[in-house]
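Please read the structure below before turning to the comments.
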Amino acid sequence: MTTTDYGTRQAEKGRSSRPTGARLDERKAAILEAVVTEYIGTAQPVGSQHIAGVPGVNVSSATVRSEMAALESEGYLVQPHTSAGRIPTDKGYRFFVDNMASPGVLGPAQRQKVYRFFDQVHGEMGEMLERASRLLSDLTSCAAVVMGPPHDSAVIRSVQLVGLGPRSVLVVIVLSDGTVDKCSIELTNDASDELLEAASRRLQSEFVGAPVLAVGPLGRSGNSDVDDVAEIAAHVISEIGQKGVCDQIFVGGPSRLAVAFDAVETVRSVMTILEQQMVVVSLLRDVMDRGLSVAIGEEHGFAPLASCAVVVAPVSVDGHDAGAVGLLGPTRMNYPQALAAAHMVGDRLGARIAQRLGSGVTPQTTATDRSSDRG
């Protein structure tokens, strides 16, 4: 994503998704940016003396104090204690994010870590998504969420019954989106390998190439032993298909939230939200549907997360929805880094999913990425 593309898109989002506030003059904007940047890095209230010497500000401490007081009266800053410096409000963070020239750039070591991960990652779709969530969390020190493609448009590529014991059978279903689902079933009678092979062939002939949501009861073929096993397996496949309509959600690094917030109750509330898959899906979808890449504080509409910020980047394959990646952390998160990591991992993940589906999509690499890598 180029700097121009990001700035233009953020401006359009601001007009369409949020009420626009009064514009700040250049000096106030520079002071506010300096306060946000310093507070993100130190988690300590920021005083006027520190800001006075920041490049781009270069005014006296008295002038900075006056401007900071004005920013406080306008709702961009707050003073937690009378003798303390000031910290950004959600409005202050929003101004900072909306006026970023670009989503930031990951350092060379971090970018190489992403490249190596997607060059080397193997295994089933679920394993890749789960590992990608850990990667994203490691890059940002936030809790990361990776939402895989839904099954609702997937078709069945393969069905196999594998004997685990005389009456215990593993049903293995491979879908066109690269997902491999497994489920154990118990039969009422012993089943030989030959019987399981015959039932597998029956299931293959009926369901391969069919949408997973279209799996229904099997008719009778005349071989009651084969039909009985195949019908039990078909019922399980149908249940997997219905369950798979929900997006696959993987959360990486939730323990990082324990050090991100001072209040134990806040940590408990956030952890509870992350454990509820449908709530997480709704949160990410709602943020994206409102045209946002970042939702700060109460903007995302989830009261238990009022002290959190959510960063979301879509994952797409050939222009179609293939999930999303998200970051959840305190409003004091490093927004440039979080946006850079989310966009890069989301782009690479979409390309990797496309490869699994046989598409020719390749990840986008901006001019900034290439020049930074050479440096």
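Can you tell me which residues in region 276-316 are farther than 15 Å from Val345 by Cβ and in a strand (DSSP E or B)? Before you say what the answer is, go through the steps one by one.
First pass over region 276-316, keeping only residues farther than 15 Å from Val345 by Cβ: 276-283, 285-292, 294-310.
Once the filter is applied, which keeps residues that are farther than 15 Å from Val345 by Cβ and in a strand (DSSP E or B), region 276-316 yields Val294, Ala295, Ile296, Cys308, Ala309, Val310.
Would you mind finding the one in Leu136, Leu129 that is buried (at least 18 other Cβ atoms within 10 Å of the Cβ), over 20 Å from Ile296 (Cβ atoms), aliphatic (A, V, I, L, M) and not assigned by TED's automatic domain parsing to the domain that holds Val78?
Residue meeting the stated conditions: Leu129.
Among the residues of region 98-115, are any touching a residue at least 12 places away in the same chain (Cβ under 8 Å), under 20 Å from Val317 (Cα atoms) and crowded, with 19+ Cβ neighbours inside 10 Å?
Yes, region 98-115 contains at least one residue that is touching a residue at least 12 places away in the same chain (Cβ under 8 Å), under 20 Å from Val317 (Cα atoms) and crowded, with 19+ Cβ neighbours inside 10 Å.
Among the candidates Thr63, Thr89, Thr82, which residue alone is more than 30 Å from Phe250 (Cα to Cα), free of Cβ contacts under 8 Å to residues at least 40 places away in the same chain, hydroxyl-bearing (Ser, Thr, Tyr) and in contact with a strand residue (DSSP E or B) (Cβ under 6 Å, 6 or more places away or on another chain)?
Values: Thr63 fails: in contact with a strand residue (DSSP E or B) (Cβ under 6 Å, 6 or more places away or on another chain); Thr82 fails: in contact with a strand residue (DSSP E or B) (Cβ under 6 Å, 6 or more places away or on another chain).
Result of the check over Thr63, Thr89, Thr82: Thr89.
Just checking, does region 121-131 include any residue being closer than 22 Å to Arg23 by Cβ, part of a helix (DSSP H, G or I) and touching a residue at least 24 places away in the same chain (Cβ under 8 Å)?
Taking every residue of region 121-131 in turn, none turns out to be closer than 22 Å to Arg23 by Cβ, part of a helix (DSSP H, G or I) and touching a residue at least 24 places away in the same chain (Cβ under 8 Å).
Which count do you get for residues in region 60-78 that are surrounded by fewer than 20 Cβ atoms within 10 Å (Cβ to Cβ), touching a Lys or Arg at 6+ places or on another chain (Cβ under 7 Å) and either assigned to a loop (DSSP other than H, G, I, E, B) or hydroxyl-bearing (Ser, Thr, Tyr) (or both)?
Result for region 60-78: 1.
Can you find a residue in region 83-103 that is among the aliphatic types (A, V, I, L, M), under 24 Å from Glu299 (Cβ atoms) and in a helix (DSSP H, G or I)?
Looking only at region 83-103, we keep the residues that are among the aliphatic types (A, V, I, L, M), and these are 84, 87, 97, 100-101.
Filter once more, keeping what is under 24 Å from Glu299 (Cβ atoms): 87, 97, 100-101.
From the residues that got through so far, the ones that are in a helix (DSSP H, G or I) too are 97.
Looking through region 83-103, at least one residue is among the aliphatic types (A, V, I, L, M), under 24 Å from Glu299 (Cβ atoms) and in a helix (DSSP H, G or I).
Residue by residue, here is whether (1) at pLDDT below 80; (2) of a type in the set (Ser, Thr, Tyr); (3) surrounded by fewer than 12 Cβ atoms within 10 Å (Cβ to Cβ) holds:
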| residue | (1), (2), (3) |
| --- | --- |
| Ser184 | no, yes, no |
| Ala199 | no, no, no |
| Gly216 | yes, no, no |
| Asp225 | no, no, no |
| Ile237 | no, no, no |
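Being in a loop (DSSP other than H, G, I, E, B), polar (S, T, N, Q) and under 19 Å from Thr331 (Cβ atoms) is the filter here; which residues of region 27-59 pass it?
Applying the first criterion (in a loop (DSSP other than H, G, I, E, B)) to region 27-59 yields 43-45, 47, 53-59.
Then keep just the ones that are polar (S, T, N, Q); that gives 44, 58.
Scanning region 27-59 gives a single hit, Gln44.
Which of (1) basic (Lys, Arg); (2) part of a helix (DSSP H, G or I); (3) surrounded by fewer than 17 Cβ atoms within 10 Å (Cβ to Cβ) does Arg220 not meet, given it meets every other one?
Result: Arg220 fails condition (2) only.
What single numbered condition from (1) modelled with pLDDT under 95; (2) under 22 Å from Thr331 (Cα atoms); (3) buried (at least 16 other Cβ atoms within 10 Å of the Cβ); (4) of a type outside the set (Lys, Arg) fails to hold for His81?
(3) is the only condition that His81 fails.
Among the candidates Ser255, Ser316, which residue alone is surrounded by 14 or more Cβ atoms within 10 Å (Cβ to Cβ) and not basic (Lys, Arg)?
Numbers: Ser255 fails: surrounded by 14 or more Cβ atoms within 10 Å (Cβ to Cβ).
That would be Ser316, the only listed residue that is surrounded by 14 or more Cβ atoms within 10 Å (Cβ to Cβ) and not basic (Lys, Arg).
Within region 139-149, is there a residue that is outside any helix (DSSP H, G or I), polar (S, T, N, Q) and assigned by TED's automatic domain parsing to the domain that holds Gly252?
yes
Can you confirm whether Pro88 is at pLDDT 90 or above, over 21 Å from the mean Cα position of the chain (by Cα), of a type outside the set (Gly, Ala, Ser) and within 20 Å of Leu339 (Cα to Cα)?
On the way: at pLDDT 90 or above: yes; over 21 Å from the mean Cα position of the chain (by Cα): yes; of a type outside the set (Gly, Ala, Ser): yes; within 20 Å of Leu339 (Cα to Cα): yes.
The answer is yes for Pro88.
Mind listing just one residue for me: the one in region 182-199 that is of a type in the set (Asp, Glu) and touching a Lys or Arg at 6+ places or on another chain (Cβ under 9 Å) and, of those, farthest from Val317 (Cα to Cα)? Quick ask: steps written out before the conclusion?
The first filter runs over region 182-199 and keeps only residues of a type in the set (Asp, Glu), leaving 186, 190, 193-194, 197.
Of the ones still in play, those that are also touching a Lys or Arg at 6+ places or on another chain (Cβ under 9 Å) are 186, 190.
Working: Glu186: 38, Asp190: 44 Å.
Here the answer is Asp190.
Yes or no: Thr272 free of Cβ contacts under 8 Å to residues at least 40 places away in the same chain and either part of a helix (DSSP H, G or I) or within 28 Å of the chain's Cα centre (by Cα) (or both)? Please lay out each step first, then the result.
Details: free of Cβ contacts under 8 Å to residues at least 40 places away in the same chain: yes; either part of a helix (DSSP H, G or I) or within 28 Å of the chain's Cα centre (by Cα) (or both): yes.
In short, yes.
The values are calculated or read from the model by the stated rules, or taken from the named source; none is laboratory data. This one's a predicted model, so the numbers in the text were calculated from it and none came from an experiment. A quick note on method: Cβ atoms are made from the backbone with ideal geometry, for glycine too, and the neighbour counts reach across all protein chains shown.
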